[in-house]
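The values are calculated or read from the model by the stated rules, or taken from the named source; none is laboratory data. Computed from a prediction, not measured in an experiment: that's the story for all the values here. Cβ sites come from the backbone with ideal geometry, for glycine too, and all protein chains shown count toward neighbours.
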Amino acid sequence: MTQQRIVLGVGGGIAAYKAASLLRLFKEHGFHVDVVPTAAALEFVGKPTWEALSGNPVTDTVFEAVDAVNHVRLGQQADAVIIAPATADLLAKAAAGMAADLLTNTLLATRAPVLMAPAMHTEMWEHPATRTNVETLRSRGVHVLDPAVGRLTGRDTGPGRLPDPEAIYAAALRLLAAPGASGAPAAGVSPAQDTPGASGPLAGRTVVVTAGGTREPLDPVRFLGNRSSGKQGIAVARVALAAGAAVRFVAAHMDEPAPEGVELTRAGSALELQHAVSEAARGADVLVMAAAVADFRPADYTEAKIKKDDDGGAPTIRLVRNPDILADLVEARAAGGRAGADLPSIIAGFAAETGDGASSVLDYGRRKLQRKGCDLLVVNEVGVDRTFGQDTNDATILFRDDSDPVRVAGTKDDVARAVVDAIVRVGNR
């Protein structure tokens, strides 16, 4: 089977370092990758890094490999051209049809699908000139992703962040699988398929991921909730997509949009989430319960907003327990019969824990794993400004079969990759 060829163009922005992770994803799934950085990109990540990771020579100029007519050959041979990060400058040059270096020459020479992942400060992304350039490129058939929303260089946040490598990789695979895409498929990828990452370790599997925090209504205005942002569940869904899975994504309240490419279902309260997960889990291979489900809900819902009394008193709110969605599904699976026959063979839970004088976070996590009976449990310590709403996480993955725990600390994408790797290992046992 012919190996698919990717030209990975790298623009000159601080997000260039993320393109190294994108490059590894392509290489790990059998693609030939030619990296074409701009001169500015080499100020952020040097040529030796790109050559070592790609296994191919790297240059930014048209005056090398002249005998092979490199400025035309790369574009002609490519099955797709992926630009990450696409800076404001690079978007402008591409829209104007300029050919000032090897990358912009390649863009003009290629007839392969082109995917551009922008990264820049919010003001630059929202500038009318950039918006016009993006509209021009899209009108010509170039696939320009919207940037992610989040922390940018410095203290500012907003739209302009480079999408995570897994999201770009999944979008690239959808592009390669689209009708009319050039070239032969990579190992295991059929042009008729539109499943992201169809050659990955979860190819052909259906994964259900829950994310965000439930909100338990008290009256038309107020609710009981938690600090979950949904970021960890979103990261798990992206990594599962990149690993080849079809993802059913059940979203409670989240601070960020659901990832592209998932089958999305929304749920507000724990009871709504229970119903949505019970439906989504039927026929799925894996369930990852990353949502922060409220343990309790108000016993009584008040149709009108609760008013403050003139005497300064406060109402008494009586709570009742919510169902344990994770434990109930594990129990139904174990019982078999009609209720559990088509539930996922692998069920993963998340435990947001705090330690105290009596027990550590892991002590509580181990007891929760025994109580719930899931196949693996991701235990993370939470608190104010810790885990919830942050871009980093510190977790330990525990296994029902007493396999050695896996400790992972880093970005939520790092944790998501560890979780998916653990799921694959459990499935292969």
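Quick notes
- Any hit, region 137-152, residues being surrounded by 17 or more Cβ atoms within 10 Å (Cβ to Cβ) and in a helix (DSSP H, G or I): yes
- Inside region 343-365, residues that are more than 25 Å from Asp404 (Cβ to Cβ) and surrounded by fewer than 16 Cβ atoms within 10 Å (Cβ to Cβ) make up a count of 3.
- Residue in region 27-49 that is within 20 Å of the chain's Cα centre (by Cα), more than 16 Å from Thr106 (Cβ to Cβ), in a loop (DSSP other than H, G, I, E, B) and not basic (Lys, Arg) present: yes
- Every condition in (1) under 21 Å from Asn226 (Cβ atoms); (2) in contact (Cβ under 8 Å) with a residue 40 or more places away in the chain; (3) surrounded by 14 or more Cβ atoms within 10 Å (Cβ to Cβ) holds for Arg371 except the one numbered (3).
- Scanning region 80-108 for residues that are assigned to a helix (DSSP H, G or I) and over 13 Å from Thr130 (Cβ atoms) returns Leu102, Leu103, Thr104, Asn105, Thr106, Leu107, Leu108.
- Reported count of residues in region 100-134, each being farther than 14 Å from Ala86 by Cα and basic (Lys, Arg), is 1.
- Conditions (1) modelled with pLDDT under 95; (2) within 20 Å of the chain's Cα centre (by Cα); number of the one not met by Ile347: (1)
- Residue within region 301-322 that is in contact (Cβ under 8 Å) with a residue 24 or more places away in the chain, assigned by TED's automatic domain parsing to the domain that holds His253, in a helix (DSSP H, G or I) and polar (S, T, N, Q) present: no
- Subset of region 260-297 that is in contact with a helix residue (DSSP H, G or I) (Cβ under 9 Å, 6 or more places away or on another chain) and of a type in the set (S, T, N, Q) - its residue that is farthest from Ala203 (Cα to Cα): Gln274
- Screening the candidates Val250, Val239, Val286 for the property of being crowded, with 24+ Cβ neighbours inside 10 Å, at pLDDT below 95, assigned by TED's automatic domain parsing to the domain that holds Val415 and of a type in the set (Val, Ile, Thr) yields one hit, Val239.
- Of all residues in region 114-139, those that are within 28 Å of Ile6 (Cβ to Cβ) have Cβ atoms under 7 Å from Cβ atoms of residues that are part of a helix (DSSP H, G or I) and of a type in the set (Val, Ile, Thr), 6 or more apart or on another chain, in Ala117/Ile168; Met124/Thr130.
- Scanning region 275-300 for residues that are closer than 14 Å to Ala348 by Cα and in a loop (DSSP other than H, G, I, E, B) returns Ala284, Asp285, Ala290, Ala291.
- In region 18-60, the residues that are out of contact with any Ser or Thr (no Cβ under 9 Å at 6 or more places or on another chain) and loosely packed, with under 15 Cβ neighbours inside 10 Å: Glu28, Glu43, Gly46, Pro48, Glu51, Ala52, Gly55, Asn56, Pro57
- Near pairs, Cβ below 8 angstrom, 6+ apart or cross-chain, from region 6-31 (among the hydroxyl-bearing types (Ser, Thr, Tyr)) to any residue that is part of a loop (DSSP other than H, G, I, E, B): Tyr17/Val45
- Boolean, Ala418 is small (Gly, Ala, Ser), within 17 Å of the chain's Cα centre (by Cα) and not in a strand (DSSP E or B): yes
- Some residue of region 325-342 being over 21 Å from the mean Cα position of the chain (by Cα), in a loop (DSSP other than H, G, I, E, B), touching a residue at least 40 places away in the same chain (Cβ under 8 Å) and surrounded by 14 or more Cβ atoms within 10 Å (Cβ to Cβ): no
- Taking residues in region 154-169 that are surrounded by 15 or more Cβ atoms within 10 Å (Cβ to Cβ), and partners anywhere that are among the small types (Gly, Ala, Ser) and outside any strand (DSSP E or B), the pairs with Cβ atoms closer than 6 Å and at least 6 places apart or on different chains are Leu162/Ala15; Leu162/Ala119; Pro165/Ser21; Glu166/Ala242; Tyr169/Ala242.
- Just so you know, in region 96-108 the residues that are of a type in the set (A, V, I, L, M, F, W, C) and surrounded by fewer than 21 Cβ atoms within 10 Å (Cβ to Cβ) include one that is nearest to Leu74 (Cα to Cα), and it is Leu108.
- Test: Glu51 is over 23 Å from Asp414 (Cβ atoms), of a type outside the set (S, T, N, Q) and assigned by TED's automatic domain parsing to the domain that holds Leu152: yes
- For region 301-321, the count of residues that are in contact with a Phe, Trp or Tyr (Cβ under 8 Å, 6 or more places away or on another chain), exposed (fewer than 11 other Cβ atoms within 10 Å of the Cβ), more than 21 Å from Arg429 (Cα to Cα) and aliphatic (A, V, I, L, M) is at least one.
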